[in-house]
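The values are calculated or read from the model by the stated rules, or taken from the named source; none is laboratory data. A quick note: this is a predicted structure, and the numbers were derived from the prediction, not measured. FYI the Cβ positions are ideal-geometry reconstructions off the backbone, even for glycines, and counts take in every protein chain you see. The area values use the complete protein model at the heavy-atom level, side chains included, leaving out ligands, DNA and RNA. Shrake-Rupley method; radii C 1.70, N 1.55, O 1.52, S 1.80 Å.
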Amino acid sequence: GIVPAIGHSEASYQSVHNAVENGAKIVTHIFNATGCADEKNAYLGTRNMNFDEACMLETGLYYEVINDSKGVHVRHEMIRLLEKTVGKDRIVAISDCCGDIQEGNEDVNFQNGEIAGSRMTMRNAARNFLAIGYSLIDVFNFTSYNPSKAIHMENKVGSLSEGRLANILITDDLLHSAKIFVPGQ
């Protein structure tokens, strides 16, 4: 039942393709700490495909995005590029939360000047998607339904239908929680 993921890589297109052929279904932390293994082999005037682009060429993958408020982990325009390339139904919001390390802003940790995870909650990740222009429906899909599909749990969680666990968050349009029901209580 474990769903293989790939990420934080400089893998070539062929390596990404091989990973997908062998069961990879999730790209974790897309556009964050990735690059191109073959940069030195680029022809004059061209560039090679990097890891993220190789992933976006594959079908059937889900793309986890750390959408902090200032675009430190992933620039907001890169999220729009991801949407245009793979569609909204494959974007998954994640927080990369690892607590308060040392330095930082409201939702990103830094250590010695380098990104060291975040302190962003899922509520703030959702609010950040709203702030860059996504609808509330999109946000609920990014934070609930799409992740359930990515781990093959969409028949149990992620949406409201008969037979599902019925974890329900009632919220206003600014994502202030009014009531939570877990599981169906």
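Probing with 1.4 Å while keeping every protein chain in the model, the per residue accessible area of the chain equals 56 Å². For the chain, set up a Gaussian network in which alpha carbons nearer than 10 Å are linked by springs, and say which option among Glu106, Glu114, Glu64 fluctuates the most. Greatest mean-square fluctuation among the candidates belongs to Glu114.
Available extension along the chain between Ala178 and Lys70 is 36.2 nm, counting 0.36 nm per residue and deducting the alpha carbon span. Reported to two decimal places, what Rg/Rh ratio describes the range 53-122 when computed on Cα atoms with Rh from the Kirkwood expression? My calculation of the ratio gives 1.03. Under a Cβ-Cβ cut-off of 14 Å, what is the net charge of the residues other than Ser69 that fall near it, where Lys and Arg count +1 and Asp and Glu count -1? Summing Lys and Arg as +1 and Asp and Glu as -1 gives +1. Note: the chain, Cα convex hull, 141 Å³ per residue. DSSP assigns beta bridges within the chain; of those with both partners inside it, close to 45 percent run antiparallel. Once the Cβ-Cβ distance of Leu130 and Leu169 is raised to the sixth power relative to R0 = 22 Å, the FRET efficiency obtained is 0.90. With the simple model of a label 7 Å out from the Cα in the direction of the Cβ, Thr59 to Lys84 spans 2.2 nm. Mind telling me which of Asp172, Asp89, Asp52 comes out most flexible in a GNM of the chain, alpha-carbon contacts under 10 Å? Maximum among the listed residues: Asp172. In summary, the lysines within cross-link reach of Lys25, defined as a Cα separation below 23 angstrom excluding same-chain residues under 8 places away, comprise Lys84, Lys88, Lys149, Lys156.
So which residue, out of Lys25, Lys88, Lys70, gets the largest mean-square fluctuation from a GNM of the chain using Cα contacts under 10 Å as springs? Among Lys25, Lys88, Lys70, the largest GNM mean-square fluctuation belongs to Lys70. Please give the calculated 222 nm ellipticity per residue for the chain, where each DSSP H segment of at least 4 residues contributes -39500 (n - 2.57) and the sum is spread over every residue; nearest 500 deg cm²/dmol? My calculation for the chain gives -6500 deg cm²/dmol from helical runs alone.
Remark: the Ile2-Ala33 segment gains 8.8 nm on full extension, using 0.36 nm per residue and subtracting the alpha carbon distance.
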